[in-house]
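To keep things clear, I will list the structure first and then write my remarks on it.
The values are calculated or read from the model by the stated rules, or taken from the named source; none is laboratory data. Predicted model only: the values in this text are computed from it and were never measured. Neighbour counts are summed over all protein chains in view; Cβ atoms, including those assigned to glycine, are modelled from backbone coordinates with ideal geometry.
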Amino acid sequence: MRKGVDIGGSFIKVYWEDGRREKHYIRDISKDRELFLQRIREIVFEGYPSSVGIAVAGFTSLEGVVYKSPNIPALNGVNLKDILKGINVKVINDVSAGAFGEWFYDHRESRVLLFVAVGTGLGAGLVVNGKPFLGACGSALELGHHTILLGGERCSCGRLGCWEAYCSSYGLERIYKNLSGEDLKDYQIIQRAKERETYALEAVASFKRFLLVGLMNAVHILNPDRVVLGGGLIDAMKDLLGNLEADLKALCESLPAECFSLNFSSCAEYCMARGALALALMDDI
């Protein structure tokens with residue numbers, strides 16, 4: 001029996017080959033390196049799986065080293081393959097795993113699938129001809145950290161003007177505060193927008209403009225035939241975003257615009273664990 005494991009800063013989520021799902025709360029130990037690594041080992045080895053796919057948020061190398069995980073600093077510099085010796089494991093960035101899961105379970109006909117997940121941050125993954133595109137070192141598709149506004153707002157990575165600085169939970173919250181002067185959480189802003197509050201509607205409109213600019217850049221560079229949007233923030237606000245596919249196609253050049261369709265992911269919070277399982281199911285990746 002194989003399984004996928006999604007390592008996050010608050011939860012470790014597990015998706016088994018037989019459809020079972022598990023959610024382990026680990027935020028209280030995620031800053032204690034030794035305790036955290038020991039808990040990861042326990043969760044991965046539990047049930048004696050024959051193979052495990054590991055999805056982790058951060059810059060993850062092809063050799064399984066987490067070079068930097070902004071939300072899980074206890075993993076910085078950790079070689080997950082080394083600490084999980086004795087079991088067949090495949091390690092991948094979490095959104096790259098999510099992208100592969102989208103292709104594997106829902107979009108097998110796609111030749112070039114781009115998956116963009118927006119939640120606490122913004123990540124992306126690409127699947128080309130049925131295989132995740134990871135780049136030369138494993139860090140491809142860090143689209144959240146491409147610059148869309150020189151000298152713009154500060155991103156969680158420390159740079160200015162990244163796409164994530166505008167399209168993320170904290171990006172939406174900052175846009176709203178700049179407009180209204182009020183500090184609100186993302187879900188409160190979304191609720192106010194649904195209630196037609198002016199500042200909230202303006203914040204959502206600004207978020208959407210930045211979302212479209214980043215997607216347009218990605219479409220022009222990558223020429224996907226399928227664009228899939230997911231993540232908690234997108235799930236919560238997609239009814240406020242209008243016809244994103246038509247709006248995105250209107251911004252793009254006609255040839256790449258003709259090639260793609262835009263879809264919303266349906267796998268919710270287990271998206272990355274499901275993709276990690278898909279990776280474990282494939283022998284040639």
Criterion violated by LEU160 - all others in (1) at pLDDT 95 or above; (2) out of contact with any Leu (no Cβ under 7 Å at 6 or more places or on another chain); (3) over 18 Å from LEU262 (Cβ atoms); (4) crowded, with 23+ Cβ neighbours inside 10 Å satisfied
(4)
Give me the pairs, please: first residue somewhere in the range 152-170 and touching a residue at least 40 places away in the same chain (Cβ under 8 Å), second residue anywhere and aromatic (Phe, Trp, Tyr) and crowded, with 16+ Cβ neighbours inside 10 Å, beta-carbon distance under 6 Å, and either six or more positions apart or on two chains.
TYR166/PHE210; CYS167/PHE210
Using the structure shown, decide if ARG196 is assigned to a helix (DSSP H, G or I), over 20 Å from TRP103 (Cα atoms) and out of contact with any Asp or Glu (no Cβ under 6 Å at 6 or more places or on another chain).
no
Identify the single condition in (1) touching a residue at least 40 places away in the same chain (Cβ under 8 Å); (2) within 25 Å of GLY230 (Cα to Cα); (3) in contact with a helix residue (DSSP H, G or I) (Cβ under 6 Å, 6 or more places away or on another chain) that HIS107 does not satisfy, given that it satisfies every other one.
(3)
Could you tell me whether any residue of the range 196-204 is under 27 Å from ALA257 (Cα atoms), more than 19 Å from the chain's Cα centre (by Cα), at pLDDT 95 or above and crowded, with 18+ Cβ neighbours inside 10 Å?
yes
Could you list all residues from the range 30-54 that are in contact with a strand residue (DSSP E or B) (Cβ under 8 Å, 6 or more places away or on another chain) and among the small types (Gly, Ala, Ser)?
GLY47, SER50, SER51, GLY53
Go through the range 22-44 and give me each residue that's touching a Phe, Trp or Tyr at 6+ places or on another chain (Cβ under 6 Å) and in a helix (DSSP H, G or I).
ILE29
Determine which single condition GLY47 fails, assuming it passes every other condition in (1) within 16 Å of LYS3 (Cα to Cα); (2) within 19 Å of the chain's Cα centre (by Cα); (3) assigned to a loop (DSSP other than H, G, I, E, B).
(2)
Here's a check for you: in the range 174-188, which residue that is among the acidic types (Asp, Glu) and free of Cβ contacts under 8 Å to residues at least 24 places away in the same chain is nearest to TRP163 (Cα to Cα)?
ASP183
Have a look at ASN223, ASN217, ASN178 and point out the one that is outside the structural domain of ALA57 (by TED's automatic domain parsing) and closer than 24 Å to LYS68 by Cβ.
ASN217
When (1) modelled with pLDDT of 95 or more; (2) crowded, with 18+ Cβ neighbours inside 10 Å are applied to GLY181, the one that fails is (2)
So LEU233 fits all but one of (1) in contact with a Gly (Cβ under 8 Å, 6 or more places away or on another chain); (2) surrounded by fewer than 17 Cβ atoms within 10 Å (Cβ to Cβ); what number is the exception?
(2)
Please specify each residue of the range 249-284 satisfying the condition of being of a type in the set (A, V, I, L, M) and under 20 Å from the mean Cα position of the chain (by Cα).
LEU262, ALA268, MET272, ALA273, ALA276, LEU277, ALA278, LEU279, ALA280
Tally of residues being in contact with a helix residue (DSSP H, G or I) (Cβ under 6 Å, 6 or more places away or on another chain) and either buried (at least 22 other Cβ atoms within 10 Å of the Cβ) or not assigned by TED's automatic domain parsing to the domain that holds SER168 (or both) across the range 205-214
2
Considering only helices (runs of 4 or more DSSP H) fully contained in the range 240-285, which possess at least 1 residues that are modelled with pLDDT of 95 or more, touching a Lys or Arg at 6+ places or on another chain (Cβ under 8 Å) and more than 18 Å from VAL227 (Cβ to Cβ)?
271-281
